[in-house]
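What follows is one structure encoded as structure tokens, with my remarks underneath.
The values are calculated or read from the model by the stated rules, or taken from the named source; none is laboratory data. Treat the numbers as computed from the prediction; the structure is a model and nothing was measured. In this analysis, Cβ positions are derived from the backbone assuming ideal geometry, glycine residues included, and neighbour counts consider all displayed protein chains. Protein only, heavy atoms only, side chains kept; ligands, DNA and RNA dropped before computing areas. Shrake-Rupley method; radii C 1.70, N 1.55, O 1.52, S 1.80 Å.
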Amino acid sequence: MSTSSVSKGCFVFKPSSKKRKTRSLEHYFTRDCEGRESSERRFKLCEDLWNKIKAETEVLQEELNKKILDSLLDFAKKCSTTRQHCDWASKMRANEIPTAALVLGVNVPDHDMTFQSLFDLLKHSVTPHVVSVQAKECGVLKHLLKRVLEGLMDVAVDDDDEEEMEQNPRSVHCSLSTLSDWYTAKTKKSSSATPGKKRNVQDEDEHHHHHQTPPVVIIFKDLEGFNPRVLQDFISICSRYIDRLPLMFIFGIATSPSTVQHMLPHSVSSLLCIELFQSLSCTQHLATVIDKLILTAQFPFKLNGKVMQVLISIFLYHDFSVRNFIKGLQLALLEHFHSQPLSILCCKKKEALLNVTLLSGRDLETVRQLPSFIRFVEKQEAGEQVKLMTDDDHLKEACQKLIKDLRKYHKSYYPVLRCLHTLTSLLPRYPLGKQIRELHLICLEKNVWENEDYQSAMKLLKMLAKDELITSLRKCSEILSSAKSKKMKKAFTELDELLAKFKHLDAAVPETVQEEPESVTSPIRNLQQQKKTDLFQLQKTLLEMNESRRSKKKSPFELLRNEVVEFIDGLVTCHLPPPESQTLYEVCYYSSSATVRRHLNATPRTSIQTALSSPCFYLQNESLKNEDGTVSNSAPDICIAYKLHLECGRLINLYDWLEAYATVVSAAEGQDPDCDTFGKVDDVKHARFIRSVSELEFLGFIKSTRQKTDHVARLTWGGC
């Protein structure tokens with residue numbers, strides 16, 4: 001379309017009627033994917049597997065929140081029905097605002113999900129008048145009132161501006177009296193619209209509660225973030241309307257219940273009738289998630305020890321967020337299917353065996369290059385080695401057998417792991433860890449039976465009391481009974497036989513073995529009868545005493561207890577080797593801990609320094625890439641200023657820094673170095689430099705100093 005014209009004018013270009021194509025997730029997955037010929041099938045497998053994990057997570061979240069949400073629901077119903085009673089105690093409590101102090105813990109990223117479930121449950125079961133507010137939206141009292149009214153009344157609220165009310169007739173005045181009038185009109189309207197039915201006297205109060213005076217619930221998501229003065233004023237105002245508005249508060253607390261006492265003086269807290277609710281701790285929540293999503297043979301995707309350690313470290317040392325832990329698991333799943341061509345075999349057993357037959361020649365070569373498969377080939381005979389490395393059909397048959405063995409390994413690994421944890425978690429000082437994830441990490445790294453802590457745990461097991469041992473063995477029997485593996489069923493039968501022997505011990509009459517006291521005490525008595533005792537005689541006497549104790553006959557219980565420990569030790573040795581010992585473990589296990597750490601590292605300093613020193617890393621622009629480690633002159637201004645400040649000492653001269661910056665920017669603009677204006681500072685360059693310096697000061701790399709007015713002090717050191 002031409003825009004040339006004799007006269008000046010405005011030219012209109014109509015947009016194309018064709019809609020812009022939105023690229024699907026599959027497109028981004030298959031782009032730059034390893035093994036592109038199977039990328040589409042791998043994407044579908046990844047998507048299906050994640051949907052299953054997500055569904056399991058949602059069910060798990062509902063089960064964990066069910067108890068606390070049901071308690072809050074009962075509290076809301078109880079508080080609303082209390083207003084209908086006429087006794088003196090109820091009248092006294094009616095002057096207070098019922099408040100639920102919900103302690104959720106410091107895992108703040110997980111709170112949104114809990115509050116959303118609570119919001120939906122209250123709105124569906126108790127009252128339609130529910131509003132949720134956050135501290136960042138309520139810096140002053142006026143904003144808090146505005147958010148509450150807008151959330152409840154679903155109308156625009158003016159800020160005491162007559163012009164705004166004239167422009168928007170539906171806007172209302174920002175005050176609790178407006179809310180009170182609206183609530184009165186709403187309840188009268190709902191009660192008159194309800195058709196009359198014959199009810200007995202007992203159901204009349206319930207109808208009156210649900211249909212005439214539903215409570216007004218205000219949820220404060222992050223109580224610690226609110227301005228204490230704003231909160232105090234709001235509570236004081238609400239207390240004056242409690243006879244007209246059936247208000248109810250829910251405080252979301254991340255730290256401790258004493259926060260309410262610190263934020264509210266007694267004159268304000270006395271206006272509240274507070275009841276405490278404690279949610280499940282984040283560590284218990286994590287243990288349940290790991291138990292359901294990772295320590296199970298239900299999902300074929302697995303994490304190796306280093307990746308598992310990275311995710312747990314981020315959880316324990318940074319955010320305590322189970323939600324972020326699950327996101328890390330999702331990232332590892334996506335990276336595994338994207339970077340590993342053989343992840344097409346990471347699926348159910350039947351589907352994996354079918355996919356083995358569909359492997360291409362390139363995929364089979366990838367199988368031959370796997371470290372675990374190379375170790376497997378080295379153990380075979382010479383003829384078998386030749387077939388595995390040259391015959392594709394024979395290799396596919398071998399892969400099918402190895403996939404079956406890997407599935408059998410997982411079906412036996414997790415029940416035995418749980419049995420070992422059940423027995424060792426009762427021992428003093430927890431030699432193999434208090435949580436099952438700690439024992440799992442030990443088993444992922446190396447042979448657990450070669451660990452010194454394992455040896456000490458076995459010795460302690462041989463000292464367990466009868467009641468503790470039998471209780472633990474019964475728990476192990478329940479674990480093995482639910483396993484589907486043939487080996488585990490055999491182990492369950494053997495364990496039941498051992499438990500039966502313990503029952504026979506209780507029924508049988510113990511044999512009393514009488515020993516001559518002289519035989520035991522004779523070395524000591526002989527030693528006492530001697531007038532002089534030399535060192536050789538003392539050593540000989542002590543050795544005789546030790547031998548007599550060793551030769552002492554063990555009781556039937558001690559013999560049976562040792563038999564149990566040997567049985568458990570045999571299970572561990574047979575079924576708990578590390579995954580790296582299994583052939584084709586790379587198909588199911590994701591091992592790139594560096595990738596997970598790079599994406600999920602919770603310390604922003606490393607990411608900021610990487611972005612400033614190597615902007616091409618995040619911008620993905622090849623023109624910004626320099627092999628010698630220097631920053632490109634076409635990089636963003638803050639990157640140039642950051643790189644120049646690294647060449648300075650403790651104090652940086654702003655004028656010299658500006659001159660160096662102008663020289664680099666002039667080269668980026670393509671100016672001739674021999675030109676007189678090259679490197680000159682104009683107003684635009686000066687403004688860009690000042691902005692870059694301000695941004696570096698905001699990020700904490702420099703600060704102003706009183707030593708010299710035209711200098712700034714550098715705050716960070718080391719290579720970046």
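Quick notes
- The condition of being out of contact with any His (no Cβ under 7 Å at 6 or more places or on another chain) and modelled with pLDDT under 90 holds for only one of Ser125, Ser71, Ser132, that being Ser125.
- Residues in the range 656-673 that are farther than 14 Å from Arg688 by Cα and at pLDDT 85 or above: 1 in all.
- For the range 112-136, the set of residues classified as of a type outside the set (Gly, Ala, Ser) and open to solvent by 20 Å² or more (accessible area, probe 1.4 Å) consists of Asp112, Met113, Gln116, Phe119, Asp120, Leu121, Lys123, His124, Pro128, Gln134, Lys136, listed by residue number.
- A Cβ distance below 9 Å, combined with a sequence gap of six or more or placement on separate chains, defines the contacts here; from the range 558-587, residues that are assigned to a loop (DSSP other than H, G, I, E, B) reach residues that are surrounded by fewer than 21 Cβ atoms within 10 Å (Cβ to Cβ) and among the charged types (D, E, K, R) in the pairs Pro578/Glu445; Pro578/Lys446; Gln582/Asp405; Thr583/Arg375; Thr583/Asp405; Leu584/Asp405.
- So Tyr409, is it open to solvent by less than 10 Å² (accessible area, probe 1.4 Å), among the aromatic types (Phe, Trp, Tyr) and under 23 Å from Lys484 (Cα atoms): no
- Residue list for the range 570-601, restricted to those being surrounded by fewer than 16 Cβ atoms within 10 Å (Cβ to Cβ) and either touching a Phe, Trp or Tyr at 6+ places or on another chain (Cβ under 8 Å) or over 25 Å from Lys327 (Cβ atoms) (or both): Gly570, Thr573, Cys574, Ser581
- Sole residue being touching a residue at least 40 places away in the same chain (Cβ under 8 Å) and in contact with a Gly (Cβ under 6 Å, 6 or more places away or on another chain), chosen from Leu345, Leu311, Leu329, Leu303: Leu311
- Residue match in the range 377-389 (condition: small (Gly, Ala, Ser), under 27 Å from Ile568 (Cβ atoms) and part of a helix (DSSP H, G or I)): no
- Residue check for Lys379: under 39 Å from the mean Cα position of the chain (by Cα), surrounded by fewer than 18 Cβ atoms within 10 Å (Cβ to Cβ) and not aliphatic (A, V, I, L, M): no
- Selection status of Thr288, in a helix (DSSP H, G or I), under 30 Å from Phe75 (Cα atoms) and of a type in the set (S, T, N, Q): yes
- Residue in the range 302-318 that is open to solvent by less than 10 Å² (accessible area, probe 1.4 Å) and of a type in the set (Lys, Arg) present: yes
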